[in-house]
Amino acid sequence: MLGHLCDSAINNIHRFINIQYEEQPLVIQSYNQDQWVKLQNYQERPLDEICNLFIALNKQIINILSNIPKEKLSYVCDIGNNQLKTVEWLIKDYLKHMEHHINNQILMKNYA
Ligand code: NI
């Protein structure tokens, strides 16, 4: 799961960067989540390495997001099926996805 969140971070770094300079609307490419987790070999690696990766990737994302000029928050992208969303939406969606996994898979599991 933490590996999946690292993949989400990696893919979103691409999006947060590309959307700032590509022609609008940038078409957001989806990625095969299961293949990513499998091919990154997260299951075979020490948890602390994946934790460090997660922290480093998200520090980088904070750095990218704090440097996006305000006017670019309204840039639009196509998230599939001609659904247009803004950069602001994309950022919130990234956080919502992370929260969803942390709440459902880390917190619930530990308290059960
Ligand atoms: Ni997910």
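Assorted remarks:
- Residues located in the stretch 19-39, provided they are assigned to a helix (DSSP H, G or I), more than 12 Å from the ligand (Cβ to nearest atom) and exposed (fewer than 14 other Cβ atoms within 10 Å of the Cβ): 21, 35, 38, 39
- Helices (runs of 4 or more DSSP H) contained entirely in the stretch 40-112, each with at least 3 residues that are touching a strand residue (DSSP E or B) at 6+ places or on another chain (Cβ under 8 Å) and open to solvent by less than 80 Å² (accessible area, probe 1.4 Å): 87-101
- The set of residues from the stretch 1-10 being within 11 Å of the ligand (Cβ to nearest atom) and either polar (S, T, N, Q) or within 22 Å of residue 84 (Cα to Cα) (or both) comprises just one member, 8.
The values are calculated or read from the model by the stated rules, or taken from the named source; none is laboratory data. Given the structure is predicted, the values throughout are model-derived calculations rather than measurements. Heads up, the Cβs are rebuilt from the backbone with ideal geometry, glycines too, and the neighbour counts pull from every protein chain shown. Remember, those area values only see protein heavy atoms, side chains included, never the ligands or the DNA or RNA. Shrake-Rupley method; radii C 1.70, N 1.55, O 1.52, S 1.80 Å.
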